[in-house]
1. Report the residue count in the range 227-281 for those that are without any contact (Cβ under 8 Å) to a residue 12 or more places away in the chain, within 30 Å of Glu173 (Cβ to Cβ) and within 39 Å of the chain's Cα centre (by Cα).
2. Is it the case, given these coordinates, that Thr220 is modelled with pLDDT of 90 or more and over 28 Å from the mean Cα position of the chain (by Cα)?
3. Among the residues of the range 195-233, write down those that are in contact with a Phe, Trp or Tyr (Cβ under 9 Å, 6 or more places away or on another chain) and of a type in the set (Gly, Ala, Ser).
4. Of all residues in the range 226-282, which are within 17 Å of Thr192 (Cα to Cα) and assigned to a strand (DSSP E or B)?
5. I'd like the residue in the range 195-230 that is more than 14 Å from Leu243 (Cα to Cα) and out of contact with any strand residue (DSSP E or B) (no Cβ under 6 Å at 6 or more places or on another chain) and, out of all such residues, is surrounded by the fewest Cβ atoms within 10 Å (Cβ to Cβ).
6. Given the residues Thr153, Thr214, which is the only one that is modelled with pLDDT of 90 or more and either in the same structural domain as Ile96 (by TED's automatic domain parsing) or of a type in the set (Phe, Trp, Tyr) (or both)?
7. Scan the range 82-133 for residues that are in contact (Cβ under 8 Å) with a residue 60 or more places away in the chain and closer than 23 Å to Ala148 by Cα and report the count.
Amino acid sequence: MSTLEFQNEQAAERRAGLHALIAFSAMAMAFWVVNSTSIIMEEARDGHGFNAWKAWFLEGSSTAYMLLLCWVAVRRWERRFPIGAASWTRWLPAHIGGAVIFSGLHVAAMGLTREALFPVLFNEAYHFFGDPLQTFLYELRKDVLSYAAVVLTLTGFRTIEWHRLEAAAARTEARTHHRVNLKCGGRVMHLTAAEFSSAKAAGNYVEARFGTRTHLARMTLNELDSLLRDAGVDAVRVHRSWLVNRAMITETVPTGEGDVTLTLSNGETIPGSRRYRDRLAA
């Protein structure tokens, strides 16, 4: 791995972590507002004289420590045991243990803060650890969901960043070496761009023909079109589901109502739609 590639990967990891934690912070703040206002509304509905700042403080103490733990601990733990990077027998136990530790630290910090500051702020005692085990189990249910949300959010944003890195590397390969990289299952095929003849959309995949072989790649026709153009191939969209190498078209036969049938130099016949006739003519 070159120094530039390493730097790009590190930058991608930082972006993924930052974006994930910003997203989770926004969700946590939204829950803080909703939970606090729900407590206030319930107390008002029951006719109780209730200081609204108590609700904001109680829910805020939970949210503040949750975000702190996510930024300081969970992010690093998830990076050490990323989901899918190895066998689930490695990362699943790590995250089960991580969720329990996360909840224990969250409950302890939240409870101690409430008991210490409640008398100062509201001139009354607050008892959080009446039954420590029951309190922990009660909070653990919610904390596990929060922990899972953070880990999955980090995983999602990292996946996005890795896809961007792969796409950038593929474009560089196309421009520099005139080759097209296709991800086919667990393999990456490095194909000479000039050998491309046609490609057909197949759901979330593309059946791309290079030379005498057809490769099933997980991408869109537009993505393949962009790569081919970067590699210097004059690819043209002739149908909603078809992309062809213009240089290989040897015959165009009208079939009625503006549609055509294209014959390529390798003997393939491709349908052409009237919707794309202007691109073919260009």
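The values are calculated or read from the model by the stated rules, or taken from the named source; none is laboratory data. Only a predicted model underlies this, so the values are computations on that prediction, with no experimental measurement involved. Heads up, the Cβs are rebuilt from the backbone with ideal geometry, glycines too, and the neighbour counts pull from every protein chain shown.
1. Of the residues in that region, 1 qualify.
2. Numbers: modelled with pLDDT of 90 or more: yes; over 28 Å from the mean Cα position of the chain (by Cα): no.
Criteria not met by Thr220.
3. Passing the criteria: Ser197, Ser198, Ala199, Ala201, Ala208, Gly211, Ala217, Ala231.
4. Listed by number, the residues that qualify are Ala235, Leu243, Val244, Asn245.
5. Among residues in the range 195-230 that are more than 14 Å from Leu243 (Cα to Cα) and out of contact with any strand residue (DSSP E or B) (no Cβ under 6 Å at 6 or more places or on another chain), the one surrounded by the fewest Cβ atoms within 10 Å (Cβ to Cβ) is Gly203.
6. After ruling out the rest, the residue left standing is Thr153.
7. 3
Conditions tested, residue by residue: (1) under 21 Å from the mean Cα position of the chain (by Cα); (2) within 24 Å of Glu78 (Cβ to Cβ); (3) at pLDDT below 95; (4) not in a helix (DSSP H, G or I).
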{"residue": "Leu133", "(1), (2), (3), (4)": "no, no, yes, no"}
{"residue": "Tyr138", "(1), (2), (3), (4)": "no, no, yes, no"}
{"residue": "Ala149", "(1), (2), (3), (4)": "yes, yes, yes, no"}
{"residue": "Ile160", "(1), (2), (3), (4)": "yes, yes, yes, no"}
{"residue": "Ala169", "(1), (2), (3), (4)": "yes, no, yes, no"}
{"residue": "Leu191", "(1), (2), (3), (4)": "no, no, yes, yes"}
{"residue": "Ala199", "(1), (2), (3), (4)": "no, no, no, yes"}
